[in-house]
Amino acid sequence: MSKELIRLRDCVMSYGDEVVLDHINLYINDKEFLTLLGPSGCGKTTTLRIIGGFLSPTAGDVLFDGVRINDVPPYQRTVNTVFQRYALFPHLNVFENVAFGLRLPKKDAGGRKVRVPEREIHERVMEMLEVVNLKGFEKRPVSALSGGQQQRVAIARALVNRPKVLLLDEPLGALDMRLRKDMQNELKRIQQEMEITFIYVTHDQEEALAMSDTVVVMDGGRIQQIGTPEDIYNEPKNAFVADFIGESNIIDGIMRADGVVEIFNRRFQCLDKGFAKDEPVDVVIRPEDVDIVEEAAGQLRGTVTSVTFKGVHYDTIVDFYGFKWLIQTTDYCPVDSHIGIKIDPDGIHVMKKSHYSGMFGDYSSYSEEYEELDVVEPDGEDGEESDSQEGRYEE
Amino acid sequence: MKHGNRIGSRLFIGLTFLFLYLPIFLLIVFSFNAGESSAVWQGFSLDWYVSLFQNRLIMESLYTTLLVSLLATAISTFAGTFAAIGLYSLGKRRRDALLVVNDIPMMNADIVTGVSLCLFFVAFFQGWGSFAQWFNSVQGAVELPERLTLGFGTMLLAHISFNIPYVILNVAPKLRQMDKNLVDAAQDLGCTWMQAFWKVILPEIKPGIVSGALIAFTMSIDDFVISYFTAGSSTSTLAMRIYSMTKKRITPEVNAVSTLLFLSVLALLVLNNVREVRQERRAERQEIREPSFFEKLSFRFHHPSFKWVRRGVTAAMGCVFIVVVVLLTGAAYSQPVVNVCSLGEYIDEELITIFEDRTGIRVNYQTAESNEALYSLLKSGGADYDVIVTSDYMIAQLIEEDMLEELDYAQIPNFDLIDPRFRNLPYDPENRYTVPYTWGTLGIIYNANMVEEEIDSWSALYGDEYAGNVLLINNSRDALGEALLYLGYSVNTTDEAEIREAFDLIADANARGVYQAKVSDQVFQKMEGGNAAIATYYAGDYLSMLENQADGVDLRYVIPKEGSNWFVDALCVLKDAPHYDEAMEWINFMASTEANLANMDYIWYASPNTEALEQYPAYYEENSEDGEPLDPELYEIMAPPAEVLERCESYVVLPQATRKLYNDLWIELGA
């Protein structure tokens, strides 16, 4: 990972009064796998479309290799996109879909039209079909392919043009769970093999954590946090990030001193420093970082209110003084049993208060929150009518 | 029970389809009939098709129809496709609203579309006229035409305007089905918008465009009403030609041309449906399969290395289209023309061909229902005829309103052949505007097999003896004239009380159900077929009916004892006629002995040409199939002697107030 390739400087996107992107500042390095992660309507697809050239920001600059490209149309950018529903050309077969970009005449330095020779087209297309494991499918009509195969064609069609950057807009959204996992590995492999930059948009945090070099968490048109997957998970900057990435119990606390935080009037050892004395803070405790002990031996004492078997562990909801925590544990504790808990200092993460404080992290309405997390994001997030997809979505 | 139901429902379906298709089936069958009858099969023959293709007027209207349909289809397909794409770039709400707006013209009554387009064009032409006049007066460099008229151009515009919604309707769903990201994807891969349109949008929506074009073409080909109102006086489509041919009676020739029209529209619809079904099947069948021969061929054809072949084929098709258009236009529009309008089917059409061959002047021949209909057509500004044929009283009115142009008699030497009896008549006392065309009498035509005694009085029209079997002539002047004669008044009275008395006589009989219908040229079919007992019409038309009367019908003609009307119909030229010299040539030709003889033989109206009147009996004998001589009694009906004319009165133009009274009363009588 080396030099900077793309930079968004103070990008604002607004439609009338509605601000979709609010002063986005972001840089993307060459050969990086960067993921824009966030819920529906957070601005991630808009950001991608700005980089692709389909939208021009209301204010701010888009720089590519240091050159401002705000007004460069998509067909002149060395960037290619894999679209949400693949957007394969239904009237062309697999080969012709992949060859589409190569067949277009390009202007050379002297402004003359240059065409890629047919032999070269054939070579490059076949090579690319091999990369995406679709050799032997070249004569098939695209409508006769499965979702995963169509996905591969879309990737090959974009990559055959040798872009510097590949943009992927929720490319796995339409696939089932197993296929999605396979394709994640496949994409990562392709990215490493081709040695180009991937900018990946998703609302699926697991996907983001599994594949990315850098994750950009967005919400409400703003970047909430940029960091490696580990950073984002272990050191969320605010309650939104903590909640969006994985499961979190977020509790009001007071920083009594460096390394000491008070929750429910009890002091806990932690590793966080640099807060003012007695500053109110949000405290994140991941469900897997809580150990269940004998009631008497616990730092806190509570009552189990529900238990759900999850395979590897139990999701146990425990009531502490009216505040419900989610604890993931391999120990079975029956409902209504009284338990105690212990938390190691490195299991506690302290965050500054933000406008997200108090909105997340309480498992009082446990089941609903679960459902919410499982919701698959609907079509595009820019309020585009869904009817444009009618009859096109036929796995 | 169940079984019975099924038979019942099948029977019902059968009857429904029988009801739908039997008339068309009969039409097709009788187009192959050897005889003239539309009811009795007289053996198979293709004669009517042969005569169809030899009929210059029909072939010409076929050219016009194809030309207007092709051009309108091409233009509206282009415009409609881009309009649909434009619609899809709008927001959903505005797009849906506009799609509803798009539906309205298709659901709208054709007659409303036609009339409104006609009014629009006429209003525009008037505005244009003032503008062009002003423009020409302030500068001399460019001369703008000051007078525009309805014609091929306006009809084409009308066809384009009613075709566009059909194209949009067919293209829009394809656009809706199309993945919006396709265009983005194409641009992302290096296409400009235009390249994306050609390479991605067009192939995707092509089925919609093709079916839109097919439907537009079908709509254009079989349109009658809108064309009728926007074609003006010089242009007729096939449908308009068929309509004018059916005014008197439906000849097997009409069957033949209608059959061809029906079959071509059917073929287009079948083509369109087959295409749709195929596409649906293709969409359903997504499994991998060996492509069919045609698909392989089509794939080959669409392969990039065949680009030049493809471009060649496209270019060739484009050239063919242009050549066809040029040929069609050229064939129709390179000659000098004269636009003629006449009453009913009022000419031996072979004369038109003879005239055209001899002079090279093209004749656009159209017909009007009645004098009054012609008058309102002229007043509406929707017509630009050069020559019209109309009746004496109407001529007087047109002269009064300064709507006629004086004739240049130096260019009409044949005027010398007109019998002095028919010159300087009251409607044109100095004979500056007219050349008489025909003359004759109004009388009662009755079916002797349907009445008790011989009829000799107008009273037969008002009594109850033949209630339900009397046809009232649909023309206020004649109908009220007959009543006035019966009451012993003059046909030219201006006394309101007398006119009202005459009207009450008719209205009363009408209320008692005496009249079967009000008719103009429909009288032919009714009387010839024996569907009515009594009618009033013109002597010449009686002779024509006599020739075509069905078995068991015995038609007689009588000029009632109370007297009747005798009339002269004459050729005249409208003010500012665009083709004045051609009009003079046409009038001179129509006044010739040759034309008058042919016309007498064809329409059975008496000629005002002295030579023709003398020579007609011999001409008849020579031309009749078995050399049979002309029945003098019939000739007397056709060209009655002086003493009969003395019993008759000719119409003179009525003062404005009386004309208005006539008009109001006629409207009061209702349908």
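The values are calculated or read from the model by the stated rules, or taken from the named source; none is laboratory data. Every value quoted in this text rests on a predicted model; they were computed, and no experiment measured them. Virtual Cβ from ideal backbone geometry, glycine too; neighbours counted across all protein chains shown.
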Condition first: surrounded by fewer than 19 Cβ atoms within 10 Å (Cβ to Cβ), aliphatic (A, V, I, L, M) and outside any loop (DSSP other than H, G, I, E, B). Now tell me which residues in the stretch A:223-279 satisfy that.
A:226, A:254, A:257, A:260
All but one of (1) more than 14 Å from chain B (Cβ to nearest Cβ); (2) over 24 Å from the mean Cα position of the chain (by Cα) hold for residue A:73; state the number of the condition that does not hold.
(1)
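Restrict the check to the stretch B:404-414 and report whether at least one residue is small (Gly, Ala, Ser), at pLDDT 80 or above and either loosely packed, with under 15 Cβ neighbours inside 10 Å or assigned to a loop (DSSP other than H, G, I, E, B) (or both). Break it down into steps so the answer makes sense when it comes.
In the first step, residues of the stretch B:404-414 are kept if they are small (Gly, Ala, Ser); the result is B:410.
From the residues that got through so far, the ones that are at pLDDT 80 or above too are B:410.
Remaining after also requiring either loosely packed, with under 15 Cβ neighbours inside 10 Å or assigned to a loop (DSSP other than H, G, I, E, B) (or both): B:410.
Yes, the conditions are met somewhere in the stretch B:404-414.
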Taking the stretch A:91-120, which residues are in a loop (DSSP other than H, G, I, E, B) and facing chain B (nearest Cβ under 7 Å)?
A:91, A:104
Return only the number of the condition from (1) under 21 Å from residue B:602 (Cβ atoms); (2) at pLDDT below 85 that residue B:353 does not satisfy.
(2)
Which residues, counting only those in the stretch B:646-664, are surrounded by fewer than 17 Cβ atoms within 10 Å (Cβ to Cβ), out of contact with any Gly (no Cβ under 8 Å at 6 or more places or on another chain) and under 16 Å from residue B:562 (Cβ atoms)?
B:646
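Quick check: anything in the stretch B:372-380 part of a loop (DSSP other than H, G, I, E, B) and either surrounded by fewer than 20 Cβ atoms within 10 Å (Cβ to Cβ) or in contact (Cβ under 8 Å) with a residue 24 or more places away in the chain (or both)? Before the answer, list the steps.
Kept after step one, since they are part of a loop (DSSP other than H, G, I, E, B), are these residues of the stretch B:372-380: none.
Scanning the stretch B:372-380 turns up no residue that is part of a loop (DSSP other than H, G, I, E, B) and either surrounded by fewer than 20 Cβ atoms within 10 Å (Cβ to Cβ) or in contact (Cβ under 8 Å) with a residue 24 or more places away in the chain (or both).
Identify all residues within the stretch A:334-346 that are more than 14 Å from residue A:290 (Cα to Cα) and either within 32 Å of the chain's Cα centre (by Cα) or not in a strand (DSSP E or B) (or both); write none if there are none. Give the steps one after another, and end with the answer.
Taking the stretch A:334-346 first, the residues more than 14 Å from residue A:290 (Cα to Cα) are A:334-338.
Once the filter is applied, which keeps residues that are more than 14 Å from residue A:290 (Cα to Cα) and either within 32 Å of the chain's Cα centre (by Cα) or not in a strand (DSSP E or B) (or both), the stretch A:334-346 yields A:334, A:335, A:336, A:337.
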Residue A:55: passes all of (1) more than 9 Å from chain B (Cβ to nearest Cβ); (2) out of contact with any strand residue (DSSP E or B) (no Cβ under 9 Å at 6 or more places or on another chain); (3) touching a residue at least 24 places away in the same chain (Cβ under 8 Å) but (2)
Filter pass, residue A:130 being away from chain B (no Cβ under 12 Å), outside any loop (DSSP other than H, G, I, E, B) and free of Cβ contacts under 8 Å to residues at least 12 places away in the same chain
yes
Being assigned to a loop (DSSP other than H, G, I, E, B), closer than 23 Å to residue B:540 by Cα and aliphatic (A, V, I, L, M), is that true of even one residue in the stretch B:416-426?
yes
Tally of residues being touching an Asp or Glu at 6+ places or on another chain (Cβ under 8 Å), assigned to a helix (DSSP H, G or I) and without any contact (Cβ under 8 Å) to a residue 60 or more places away in the chain across the stretch B:484-507:
2
With (1) without any contact (Cβ under 8 Å) to a residue 24 or more places away in the chain; (2) of a type in the set (Gly, Ala, Ser); (3) at negative phi as the list, and residue A:99 as the residue in question, which single condition is left unmet?
(1)
Is it the case that some residue within the stretch B:508-528 is touching an Asp or Glu at 6+ places or on another chain (Cβ under 6 Å) and assigned to a loop (DSSP other than H, G, I, E, B)?
yes
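Name the residues in the stretch A:202-222 that are surrounded by fewer than 19 Cβ atoms within 10 Å (Cβ to Cβ) and either free of Cβ contacts under 8 Å to residues at least 24 places away in the same chain or out of contact with any Phe, Trp or Tyr (no Cβ under 6 Å at 6 or more places or on another chain) (or both), would you? Spell out the reasoning first.
Filtering the stretch A:202-222 down to residues surrounded by fewer than 19 Cβ atoms within 10 Å (Cβ to Cβ) leaves A:204, A:206, A:209-210, A:213, A:220, A:222.
Within the stretch A:202-222, A:204, A:206, A:209, A:210, A:220, A:222 qualify.
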Being touching a residue at least 12 places away in the same chain (Cβ under 8 Å) and touching a Phe, Trp or Tyr at 6+ places or on another chain (Cβ under 6 Å) is the requirement here; does residue A:93 meet it?
no
Consider residue A:80 carefully, then state whether it is closer than 19 Å to residue A:5 by Cα, within 32 Å of the chain's Cα centre (by Cα), surrounded by 21 or more Cβ atoms within 10 Å (Cβ to Cβ) and modelled with pLDDT of 90 or more.
yes
Counting just the residues of the stretch A:37-73 that are in contact with a helix residue (DSSP H, G or I) (Cβ under 6 Å, 6 or more places away or on another chain) and farther than 22 Å from residue B:192 by Cα, which one comes out surrounded by the fewest Cβ atoms within 10 Å (Cβ to Cβ)?
A:37
Taking the residues in the stretch B:64-87 that are of a type outside the set (A, V, I, L, M, F, W, C) and surrounded by 17 or more Cβ atoms within 10 Å (Cβ to Cβ) as candidates, determine which candidate is modelled with the lowest pLDDT.
B:64
Could you check the stretch B:415-439 and list, in sequence order, the residues that are closer than 24 Å to residue B:478 by Cα and either modelled with pLDDT under 90 or charged (D, E, K, R) (or both)?
B:421, B:422, B:423, B:424, B:425, B:426, B:427, B:428, B:429
From B:216, B:239, B:196, grab the single residue that is part of a helix (DSSP H, G or I), of a type in the set (Gly, Ala, Ser) and at pLDDT 90 or above.
B:216
Give the residue, chosen from B:125, B:131, that is modelled with pLDDT of 85 or more and over 30 Å from residue B:88 (Cα atoms).
B:131
Of everything in the stretch B:623-639, what is more than 23 Å from residue B:559 (Cβ to Cβ) and under 34 Å from the mean Cα position of the chain (by Cα)? Give them in sequence order.
B:623, B:624, B:625
